[in-house]
Amino acid sequence: MMEIGLNHYLVLSTILFSIGLVGVMRRKNLLMLFFATEILLNAVNIAFAAISHFYGDLTGQMFAFFVIAIAASEVAVGLGLLIVWHKRHGNIDLEHMSTMRG
Amino acid sequence: MFEAIAFYLFAFLTISMFFIAVTTSQALHALTALAAGMIFISAFFFILGADFLGAIQIVVYSGAVMALYAFGMMFFDTTRDIKEKKGNSAIVFGLSTLAAILIVVIFAAPMVSGTIEALYPVVEGAGNTQQVGLVLFTKYLVPFEVAAVMLLVAMVAGIVLAGKKMDLSLTLMSDDEVMKLKNEQNKKVLL
């Protein structure tokens, strides 16, 4: 109980990932969906750092760095697209984005 | 002992912050809760000895990503309450099943890979930042450069997408001009 092992961190990572999945499932506002995506990425980063520490291998930290870089560029492009959509349509709700449905 | 106390404290704080972030109906509450959760997550990286990753987490996530969201939210109508999605039962069922399988895989993976060996073992007698630099600039040099190009592409995309009509100020224009601009934009959408 007092000794913190790899499984503690994996459990924490799973809980955070599940919270992110719940957010993805119940949100309709696209900005809130982006927040849920950030939670998913951070949960995985914790698992990477924990495995990197407990196996004495730096590859996990490297992957965490690349995940952070991808998250940063995702936010830049995604927010730009959201701003363009909001300027044209006045809302960023998912149910209004069905123009490609046949 | 202190590690356990710190782990449970920050685990509780992170989970509660992220729970607030996905359940609140106020966009600003979600943003602040998410920023706090990001900072608490960096505490795990410091506990795990990944000092550089923890610093990057604070600088990039709390400093850059959250600031970007905060500035982006100025474009949106964030004062009204966020409507929640009515559950599509097929998607909920599918994602819940996926999450359950994921939990099983996460707990089975360390047991299966009991004889795992470190591919790039930690260099003795070097700080964490030095170790990261040694591995990043030898084994992961090509992904590092590709990530740099990807960030450049994202920067150009962000400027091109969000910078349209930045020279117009909606607050300084008269109502007639705003209505004319609105009509033009509606026409463009219809075409």
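Bear in mind these aren't lab numbers, they're just calculated from the coordinates by the rules spelled out. From a predicted model like this one, the values you see are computed outputs, not experimental measurements. Note: ideal-geometry Cβ built from the backbone for every residue, glycine included; neighbour counts use all protein chains shown.
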> Which of B:Met1, A:Met32 comes first, and how do the rest follow, when ranked by fewest Cβ neighbours within 10 Å?
Replying inline: B:Met1, A:Met32
> So, in nm, how far is label B:Ser89 from label B:Thr23 when the simple model puts each one 7 Å beyond its Cα toward the Cβ?
Replying inline: 2.5
> How many nm is it between the label spots at B:Val160 and A:Ser98, if each spot is 7 Å from the Cα in line with the beta carbon?
Replying inline: 3.1
> Counting every Cα pair in the stretch B:1-78, what percent are over 18 Å apart?
Replying inline: 46
> When only alpha-carbon atoms count, how far does the stretch A:6-90 stretch along each of its three principal axes, as whole angstroms with the largest first?
Replying inline: 51, 25, 8
